[in-house]
Amino acid sequence: MNISYSKYFLKRIQKKYKERPILRNKVVKQVLLFSKNPRHPSLKTHKLRGTRQDQYSFWIERDLRIVYVRDEADVIFTDILTHDEY
């Protein structure tokens, strides 16, 4: 699986890191876990609904998710947001 990052995702994650520097370690840990096993139970990976019905998300911490799109071999991280921002 190839993981890439949208420009929007990179902009948003940098903003989150400035707000909460400790978040970087959590994101790295979860992204590494996702790259090894996207269906790992602790990621709580799921398909989204509504206007984001073609996207998926996985858990970073209690109220923070990474949103992504996927095809056969590629994953693109598109956003990082709280559950309320869906």
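The values are calculated or read from the model by the stated rules, or taken from the named source; none is laboratory data. What you are looking at is a predicted structure, and each value in this text was computed from that prediction instead of being measured. Cβ: placed from backbone, ideal geometry, glycine included. Neighbour counts: every protein chain shown.
Those residues that are basic (Lys, Arg) and surrounded by 14 or more Cβ atoms within 10 Å (Cβ to Cβ), I need them from segment 27-69; list them, please.
Within segment 27-69, ARG52, ARG65 meet the criteria.
Restricting to segment 1-39, name every residue that is among the charged types (D, E, K, R) and in contact with a strand residue (DSSP E or B) (Cβ under 7 Å, 6 or more places away or on another chain).
Within segment 1-39, the subset among the charged types (D, E, K, R) is 7, 11-12, 15-16, 18-20, 24, 26, 29, 36, 39.
Matches in segment 1-39: ARG12, LYS16, LYS26.
Can you name every residue in segment 3-18 that is loosely packed, with under 12 Cβ neighbours inside 10 Å and either at pLDDT below 95 or in contact with a Lys or Arg (Cβ under 6 Å, 6 or more places away or on another chain) (or both)?
none
Can you find a residue in segment 51-66 that is part of a strand (DSSP E or B), modelled with pLDDT of 95 or more and of a type in the set (Val, Ile, Thr)?
yes
Restricting to segment 71-82, give me the number of residues that are touching a residue at least 12 places away in the same chain (Cβ under 8 Å) and either surrounded by fewer than 11 Cβ atoms within 10 Å (Cβ to Cβ) or in contact with a Leu (Cβ under 8 Å, 6 or more places away or on another chain) (or both).
Taking segment 71-82 and keeping what is touching a residue at least 12 places away in the same chain (Cβ under 8 Å), we get 73-82.
Of the ones still in play, those that are also either surrounded by fewer than 11 Cβ atoms within 10 Å (Cβ to Cβ) or in contact with a Leu (Cβ under 8 Å, 6 or more places away or on another chain) (or both) are 73, 80-82.
Number of matching residues: 4.
How many residues are of a type in the set (Ser, Thr, Tyr) and assigned to a loop (DSSP other than H, G, I, E, B) when one looks only at segment 67-79?
Going through segment 67-79 one residue at a time, the tally reaches 0.
Can you name every residue in segment 1-22 that is assigned to a helix (DSSP H, G or I) and more than 13 Å from the chain's Cα centre (by Cα)?
Correct list: LYS7, LYS11, GLN14, LYS15, TYR17, LYS18, GLU19.
Residue by residue through segment 67-79, note down the ones that are modelled with pLDDT of 95 or more and among the acidic types (Asp, Glu).
ASP74, ASP79 - these are the residues of segment 67-79 that are modelled with pLDDT of 95 or more and among the acidic types (Asp, Glu).
Keeping to segment 23-50, report how many residues are part of a helix (DSSP H, G or I) and either within 18 Å of MET1 (Cβ to Cβ) or at pLDDT 95 or above (or both). Let's see the steps before the verdict.
Going through segment 23-50, the residues part of a helix (DSSP H, G or I) turn out to be 23-36, 41-43, 50.
From what is left, the residues that are either within 18 Å of MET1 (Cβ to Cβ) or at pLDDT 95 or above (or both) are 23-36, 41-43.
Total satisfying the criteria: 17.
Being under 17 Å from GLU61 (Cβ atoms), out of contact with any Phe, Trp or Tyr (no Cβ under 8 Å at 6 or more places or on another chain) and of a type in the set (Lys, Arg) is the filter here, so list the residues in segment 19-50 that pass it.
ARG20, LYS26, LYS29
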